[in-house]
Each structure stands twice: as structure tokens, then as C-alpha cells.
């Protein structure tokens with residue numbers, strides 16, 4: 001422990017200190033929460049023969065990459081060393097989003113057609129994937145202002161998080177399908 005955050009500020013990767021309620025920390029914290037929720041699902045499915053556990057490991061690694069992008073915003077007070085650090089940041093590769101789309105398509109090809117809203121129920125892993133999906137949507141909402149203000153949050157990382165929520169929804173349906181569970185439909 002350093003006690004440096006006891007007064008309500010925290011340090012970014014760039015060395016800059018900001019209030020803990022800063023948009024950057026809100027986004028980073030939500031992405032971190034999402035990664036943890038995905039980790040819970042992984043622990044529930046890790047003995048599965050399906051491809052999902054390996055995919056979830058990849059997702060957690062990519063979420064660390066997303067967090068890294070968020071943690072390196074453009075400095076509020078230009079300092080040469082911080083600016084150089086932001087400029088040397090590796091781009092978030094769009095291939096990551098393409099891979100999610102491939103996984104979505106593979107699962108969707110095996111699922112019954114979606115004809116109405118489904119309730120976030122089923123197996124514990126499926127229900128937890130729905131929780132992950134909602135946390136993912138929140139992470140996306142937290143990232144949007146950073147991209148719009150051009151705080152060096154790569155738009156490709158935002159696209160990934162957007163597609164990830166689609167992946168998590170499809171994975172939730174797929175887990176129920178593989179477990180032989182019927183999807184609970186929305187009722188009026």
C-alpha cells in the first residue's frame with residue numbers, strides 16, 4: 001500500500017493523478033468489473049468441452065488491453081514524457097472484434113431463431129453471462145465520453161466492447177442450448 005489514494009485521487013499509467021471519480025477511472029473500473037464477471041463464468045464452464053472457456057480467456061485478456069487503453073488518456077496538463085507515453089501506445093487491433101463476430105456467427109448457426117425477447121435465466125453460467133452483458137453495456141457507456149473527447153481511448157476498443165455485449169448475449173443463449181434448457185420468453 002502507498003496511501004497515495006487516501007485523499008481520493010489515483011495515478012494513471014501516464015503518472016498523472018486524477019480524482020477517483022474521473023471518467024477515466026469510471027471506465028477502467030467498469031471494464032475491470034466486467035473482466036471479473038467473465039472470470040466467474042469461466043470458472044463455471046472451465047471443464048466444458050465447448051470452445052467457450054478458451055474464448056472467455058481471450059475475452060479477459062482483451063479486456064486487460066481495453067483497460068490499458070483507457071489508463072493512458074491524453075494528459076490534461078501536457079508533459080512531454082506523458083505525451084510520448086500516450087503516443088507510443090499500441091493500437092487496439094480491429095481483428096479482436098472480427099474474432100468476436102466469428103464466434104457469434106458460429107454459435108448463432110446452431111441456435112434456434114430468436115423470435116422474441118428472452119429473459120436472463122437458465123443455467124447459472126447463462127444467467128451470469130447475462131449479468132456480464134449488462135456490465136459490458138455499462139462499460140461501453142463509460143467509454144463513449146472518453147472516445148468522444150479524444151482522450152486517446154482507441155475507437156476500436158469501443159467497437160470491441162460494443163460487439164462483446166452481443167457475444168455475451170449469444171453465449172448466454174448458447175450455454176442454455178448446450179445444456180438442453182429452454183429459453184424463457186418475455187410474456188406480456
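Read the figures in this text as sums done on the coordinates, not as results from a lab. Computed from a prediction, not measured in an experiment: that's the story for all the values here. Cβ: placed from backbone, ideal geometry, glycine included. Neighbour counts: every protein chain shown.
Listing 22, 109 from the residue with the fewest other Cβ atoms within 10 Å to the one with the most, what is the order? All intermediate terms of the calculation are to be shown ahead of the outcome.
Values: 22 17, 109 7.
Lowest count first: 109, 22.
With angles folded into 0 to 90 degrees, how steeply does helix 155-178 sit against the dominant principal axis of the chain? Use alpha carbons for both and round to 10.
Value to nearest ten degrees: 20.
If each DSSP helix of 4+ residues adds -39,500 (n - 2.57) and the sum is divided by the residues in the chain, what number results at 222 nm, nearest 500 deg cm²/dmol? All intermediate terms of the calculation are to be shown ahead of the outcome.
Details: 6 runs with 113 residues, N = 188.
Computed ellipticity for the chain at 222 nm equals -20500 deg cm²/dmol.
On average over all directions, what projected area in square nanometres does the chain have, based on the convex hull of its Cα atoms?
On the way: hull surface 51.1 nm².
Approximately 12.8 nm², given one-decimal rounding.
Would you mind telling me which residue in 132, 51, 27 has the biggest mean-square fluctuation in a Gaussian network model of the chain, where springs connect alpha carbons within a distance under 10 angstrom?
51
With the Cα gyration tensor of the stretch 88-174 giving a ≥ b ≥ c as the square roots of its eigenvalues, does the rule (a/c under 1.5 for rounded; else a/b larger than b/c for prolate; else oblate) give rounded, prolate or oblate?
On the way: a/c = 2.79, a/b = 1.78, b/c = 1.57.
Taking the square roots of the gyration eigenvalues as a ≥ b ≥ c, the stretch 88-174 is prolate.
Could you compute the FRET efficiency for residue 187 and residue 3, with r as their C-beta to C-beta distance and R0 at 45 Å, rounded to 0.05? Let's see the in-between values first.
On the way: r = 53 Å, r/R0 = 1.19.
Between residue 187 and residue 3 the formula returns 0.25.
Starting from the Cα-Cα distance between residue 148 and residue 110, subtract it from 0.36 nm times their residue separation and give me the gain in nm to one decimal.
Numbers: separation 38, 0.36 × 38 = 13.68 nm, distance 3.73 nm.
Gain on extension, residue 148 to residue 110, equals 9.9 nm.
Simple spin-label model, 7 Å along Cα-to-Cβ: residue 93 to residue 11 in nm?
In this crude spin-label approximation the distance works out to 3.1 nm.
Could you state the angle between the C-alpha long axis of helix 95-108 and the longest principal axis of the C-alpha atoms of the chain, as a value from 0 to 90 degrees rounded to the nearest 10?
20
Once label points are set 7 Å from the Cα along Cα→Cβ at both residue 49 and residue 61, what is their separation, rounded to one decimal in nm?
Calculated label separation equals 2.5 nm.
Decide, for the stretch 134-188, between rounded, prolate and oblate: order the square roots of the alpha carbon gyration tensor eigenvalues as a ≥ b ≥ c, take rounded if a/c falls under 1.5, and otherwise choose prolate if a/b is larger than b/c, else oblate.
Judged from the Cα gyration tensor, the stretch 134-188 comes out prolate (a/c at least 1.5, a/b above b/c).
Give me the angle, in degrees from 0 to 90, between the Cα long axis of helix 124-148 and the longest principal axis of the Cα atoms of the chain, rounded to the nearest 10.
In the chain, helix 124-148 runs at an angle near 30 degrees to the longest axis.
Quick check: residue separation of residue 102 and residue 119 times 0.36 nm, minus the Cα distance between them. What number comes out in nm?
Numbers: separation 17, 0.36 × 17 = 6.12 nm, distance 2.45 nm.
Computed gain between residue 102 and residue 119 is 3.7 nm.
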